[in-house]
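Here, each number is a calculation from the coordinates, and none is a lab measurement. Just so it is clear, the model here is predicted, and its values are computed rather than measured. Glycine gets a Cβ as well: all are built from the backbone with ideal geometry, and neighbour counts include every protein chain shown.
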Amino acid sequence: MLTRIFQSLREHSPLVHCITNYVTVNDCANMLLACGASPVMADDMREVEDIQSIASALVINIGTLNPMTVPAMFKAVKKANDMMHPVVFDPVGAGASNLRTETALQLLNESYFSVIRGNISEIKALALGSGDTQGVDANQSDKVTADNLEATIAFAKNFASRTDAVIAITGAIDIVADAHRAFCIYNGDAAMSRITGTGCQLSALIAAFLAANPEEDFLEVTLAAVCAMGLCGEIAKARLSEQDGNATYRHYIIDAMYHLQAETLEKGAKYEVR
Amino acid sequence: MLTRIFQSLREHSPLVHCITNYVTVNDCANMLLACGASPVMADDMREVEDIQSIASALVINIGTLNPMTVPAMFKAVKKANDMMHPVVFDPVGAGASNLRTETALQLLNESYFSVIRGNISEIKALALGSGDTQGVDANQSDKVTADNLEATIAFAKNFASRTDAVIAITGAIDIVADAHRAFCIYNGDAAMSRITGTGCQLSALIAAFLAANPEEDFLEVTLAAVCAMGLCGEIAKARLSEQDGNATYRHYIIDAMYHLQAETLEKGAKYEVR
Amino acid sequence: MLTRIFQSLREHSPLVHCITNYVTVNDCANMLLACGASPVMADDMREVEDIQSIASALVINIGTLNPMTVPAMFKAVKKANDMMHPVVFDPVGAGASNLRTETALQLLNESYFSVIRGNISEIKALALGSGDTQGVDANQSDKVTADNLEATIAFAKNFASRTDAVIAITGAIDIVADAHRAFCIYNGDAAMSRITGTGCQLSALIAAFLAANPEEDFLEVTLAAVCAMGLCGEIAKARLSEQDGNATYRHYIIDAMYHLQAETLEKGAKYEVR
């Protein structure tokens, strides 16, 4: 399954339209190129519909909002929904400010998202309508552990059912769920959280995977993307010398995606169905 | 010729004012520093004239537009034109949205550009007034090949004549033309297209080359910059290990520019006059 | 002293809110993560108070201004001042345009800054109310040398006294001063000025150091951050191969911060009291 999904991505080179934050936008673009997709970043109200109409997927990432991009996000999602394009929503920092929480909730209310990906605090903020996200990082008390895994899976399935989206909660253990089924993913490395934007890159990556696999089950497609990102984190980690830190690690993850083969993904993916 | 042009750049350290997209702006800044120039990014209406007045060249890159930067671009170009500073225009994504095409055409109409650099689809969109650019990448059907090279050169010369600018069409084969003469450049590597922003960096680089060589023939100065960028792509490629991908490649290209010597450029440049 | 300050940073992982330019924002985020802090970038008027209220420090960097972020800066500083959070001010390009100089002066007038960090031309522009900063780089004629060191120290102490802030003037020799005491710091490497954003990263770093050390003397905390940045520049320099240039150097500096130990900082710091 992962092989087929990943090969389709490499073959189709989908154009992915991102409305994303200015902190990690360059990494998102290079990650999209690394996986075989083509990025286009456009957030001006006057062009988001044109751009979305030539693209195959949309990413909405609220990592840095401003009064100009917020209405552009609504317009772009509407266009993508009208065209039946997959849309990935990354509610960066939802729960950390009213603006982010409210914007995220309103987007959720007015739009259809194929996948919603965030850390546990962000997803809780969306589900509960408020939160205490620690900036753009999950709150320590929210962290997914062996102890609360069962409950978190149930929460993810429930939120998937309410939103009709695949829910991807990423952290030490990643959870990908729809209303009926969940995957727990054990790929990745803790040091990835010391790099800015690995979450943003994953959201962009999911959009590329979806765009190239419109006929597949989006739960499985999201699983493939999450495994691929985590696996690249592992491959990159193995290359690091003693002096390499988070900057070099960042590039090696993108490099790993550039060279990733379908069979490596199939063999290296560590997940279980729940 | 290339030696003289390149040494002048290293000696003069020109200040280059960029109004550019937020995706690749950091790479443009580091590439400018690598070549010996000094970057200043400023796109607020209220300061673009001040900043342009202390700079030696201007780059206008429409990779990400917004309602605030578009008028700032017009104001900055006007100031640069008044001061007889060289201006490089990079119509990123012209042909992919009405906003980009219209903005580019209006800029072209009201301003004088020293050099216009883009991929073949972007330049065609400017010349024809509309297009079907695939996001920020050239459309496959537009690609410059041995078969259509002659016609593309004629097109570039014609557009150069109409705009009174040097036209640089970059791709597998790069074409640099004024109304009377064209160069075909064979430096570079296909993998450069898998890095976001190599085109943006080249546009910034051309501006630095022009700023340091105001008395030279701008066709030859542009040729020097295009050869230098392609050659750095080759030098960087030769350093890549089996595991290095587009992220590491990106940095090695900037590193190569940092160390490039005039004689290396002179020897390594692969071009012909047409 | 440096050991204690640095260990406190590693232990506390403070959340640092940055309103900064879009050129080097990604480097600032990764540098904050490298030192053990957590970055949050937010510049929308409607959320800067919320974000500042959960953060432990604020960075105001005017490297790229626009009509939306300027009022957000004033609002964020006011909130930080009300909450007694440390605020670092980086007046990038003050003296290069009226907008930058005026915005910086107005911020200075209406707010309390814990630390003001800039190159000599920027700090002079603030102190004199006008300047001729060469873009974002210091003017050659302003450079701090052995000849004008004494006078520059006196100037820094005087400006510290007027503003009640610690003044950090960075360049070949770094000067950190309050009204009564100054440190001259001899760490770092000239090649750091060929990387965009080392100054911005240092400003973010100072904010992280302050946030983790609210009870310490901010002059000494700033000294620790400036020494740490310079030392990482030296450690990274030693790793560079003959082909590595400013791009690789940039990442190695962040990598060096990721691995920096308190004892290495204590031993490697090169400074004198003046």
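The distance from the alpha carbon centre of the stretch C:86-163 to that of the stretch A:200-274 is 45 Å, rounded to a whole number.
Inter-part distance, the stretch C:42-81 to the stretch A:27-79, computed on C-alpha centroids, equals 25 Å. For B:R274, the point set 7 Å out from Cα toward Cβ sits 6.0, 6.0 nm from its twins in the other copies, listed from shortest up.
Let me spell out the model: positive unit charges on the Cβ of Lys and Arg, negative unit charges on the Cβ of Asp and Glu, origin at the Cα centre of the stretch A:2-273. What dipole size does that give, in debye rounded to 20? Display every interim value, and only then the final one.
Details: 19 positive and 32 negative charges, 25 e Å.
With Lys and Arg at +1 and Asp and Glu at -1, about 120 debye.
Taking the DSSP beta bridges with both ends in chain B, the antiparallel portion is around 35 percent.
Among the residues of B:184-194, the average count of other protein chain beta-carbon atoms within 10 Å of the residue beta-carbon is 1. Remark on A:D43: its backbone amide H falls under 5 Å from those of B:L65, a criterion applied only to residues 5 or more positions apart or on other chains, H modelled at 1.01 Å from N.
Rounded to the nearest 20 Debye, what is the dipole magnitude of the protein assembly as shown about its Cα centre when Lys and Arg each give +1 and Asp and Glu each give -1 at the C-beta? Don't skip to the end; give the middle numbers.
Working: 60 positive and 96 negative charges, 10 e Å.
In debye, rounded to 20, the protein assembly as shown gives about 40.
Step through the table entries B:K124/B:K267; C:K237/C:K270; B:K237/B:K267, compare each Cα-Cα distance with 24 Å, and write down the pairs that go over it. Could you put the intermediate results ahead of the total?
On the way: B:K124/B:K267 32 Å; C:K237/C:K270 16 Å; B:K237/B:K267 18 Å.
Those over the limit are B:K124/B:K267.
Find, among the GluC sites (Glu not before Pro) in the stretch A:168-274, those assigned to loop by DSSP (not H, G, I, E, B) with at most 12 other beta-carbon atoms within 10 angstrom. It would help to have the intermediate numbers written out before the result.
Details: sites: A:E215, A:E216, A:E220, A:E234, A:E242, A:E263, A:E266, A:E272; in loops: A:E215, A:E216, A:E242.
Sparse-neighbourhood loop GluC sites (Glu not before Pro): A:E215, A:E242.
When A:N98 is represented by a point 7 angstrom out along its Cα-to-C-beta vector, the spacings to that point in the other copies are 3.7, 3.7 nm, nearest first.
Using Cβ point charges alone (K and R +1, D and E -1), the dipole size of the stretch A:144-274 about the Cα centre works out to roughly 280 debye. Each peptide in C:152-161, A:171-180 receives the mean, over its residues, of other Cβ atoms within 10 Å, and ordering these scores from highest gives A:171-180, C:152-161.
Residue-wise HN-Hα couplings along the stretch A:58-63, as the Karplus relation 6.51 cos²θ - 1.76 cosθ + 1.60 with θ = phi - 60° gives them from phi, are 10, 10, 10, 10, 9, x Hz; Gly and Pro carry x. Amide H to amide H distances under 5 Å link C:G95 with C:T101, where only residues 5 or more positions off or on other chains count and H is placed in the peptide plane. Between C:N158 and C:Q106, the modelled labels are 2.8 nm apart [label points 7 Å from Cα along Cα→Cβ].
Distances between every pair of Cα atoms in the protein assembly as shown, grouped in 20 Å steps from 0 to the bin holding the largest one, split as 17, 52, 30, 2 percent. Each Cα pair under 8 Å and six or more residues apart adds its sequence gap; the mean of these over the residue count of the stretch C:1-53 is a relative contact order of 40 percent. Only helices reaching 24 angstrom along their own axis (Cα) with mean Kyte-Doolittle hydropathy no lower than -1.0 count here, and for the DSSP H runs of chain B these are B:218-239.
Two numbers describe the Cα atoms of chain A: Rg and Dmax, which are 16.9, 50 Å.
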